[in-house]
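These notes concern the structure reproduced below.
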Amino acid sequence: MNGFTGRVVLFLIVLFWGSLHSLLASHAVKQRLRRGAFLGTDQAYRLAYNAVAILTFLPVLAALLLTPDVHLFTAGMPLFVFLVLAQLLAVLLLVIGFLQTGPLSFLGLAPADEQGGLVTSGLYRFMRHPLYTAGLILIWCMPYMTANSLTINIALTLYVAIGAMFEEARLRKVFGQQYLDYARRTPMFLPRLRPRR
C-alpha cells in the first residue's frame, strides 16, 4: 500500500471509528442496547462503550503502522517551546475537565448518577466542550508533523466537529431547557473569558 492510498484508508478508518463512537453514544442506540441484561445500567453501558472504543481503535493503529510516512516539518525555536507549552496546557485542561465530569462514572467504574446532572462550573463555565478544545490543541500543537499525523489530525478534527453536534443533540434531549439556557450563554469550543450571566 503506497503512502497516498494508505493515508486515504487511514482517514476513512479514523472517520469510521469516530462515527461508531458517536453512534454508540446516541440516546436511541444506548436505550436499545441497555435492554439487554448485561447493559441494563448506565454504568455497564459506559464500561462496554469504553471497551469498544479502545478495541475499535486498533485498526487505526494498524493502518498507521502499515502506511509509509513522510516528514513534513519540525518546529524550530522559539515555536517549539510555544507548541510544547500549549500541549502541556491542553493536558492540564483535559485532566481538570475529566475530573469535573466524574472520572469513575466516565470510565464506567461507578454509577453515572454520581455526576449530579449538568456540569456548568469550572472549565464548563467558559466553554461547553473543554475536553474537545483541549484535544484539538493537543493534536494541532505537535512540534513534529508527518503526513500520517496530519491525516489523523484532519480526520479527528472533522470527527470532533460532527461528534459535538451529536453530543449537543443528546444533551438537549437529556437536560432540555436547562441545556438550552446554558448553550445560550456559553460558547462551544472557544472560551469566553467573561461568561454571560
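We did not get these values from a lab; they are worked out from the coordinates using the rules stated. Note that this is a predicted model, so its numbers are computed, not measured. Cβ sites come from the backbone with ideal geometry, for glycine too, and all protein chains shown count toward neighbours.
Of the residues TYR45, TYR179, the one with the fewest other Cβ atoms within 10 Å heads the list, and the complete ranking is TYR179, TYR45. Here the range 144-175 and the range 64-106 have alpha carbon centers that stand 15 Å from each other. Each of the peptides 49-61, 8-20 was scored by the mean count of other Cβ atoms within 10 Å over its residues; in descending order, highest first, they stand as 8-20, 49-61. Taking the Cα centre of the chain as reference, the dipole from Cβ charges on Lys and Arg (+1) and Asp and Glu (-1) amounts to some 760 debye. Ordering HIS71, HIS21, HIS27, HIS129 by the number of other Cβ atoms within 10 Å of each residue's own Cβ, fewest first, gives HIS71, HIS27, HIS21, HIS129. Over the chain, what is the relative contact order in whole percent, taking alpha-carbon pairs under 8 Å and six or more residues apart? With pairs under 8 Å counted, the relative contact order is 30 percent. Given R0 = 41 Å, the distance between the Cβ atoms of THR120 and MET145 translates into a calculated FRET efficiency of 0.70.
Checking (i) 1.13; (ii) 1.33; (iii) 1.07 against Cα Rg over 2.2 N^0.38 Å calculated from these atoms, the matching label is (i).
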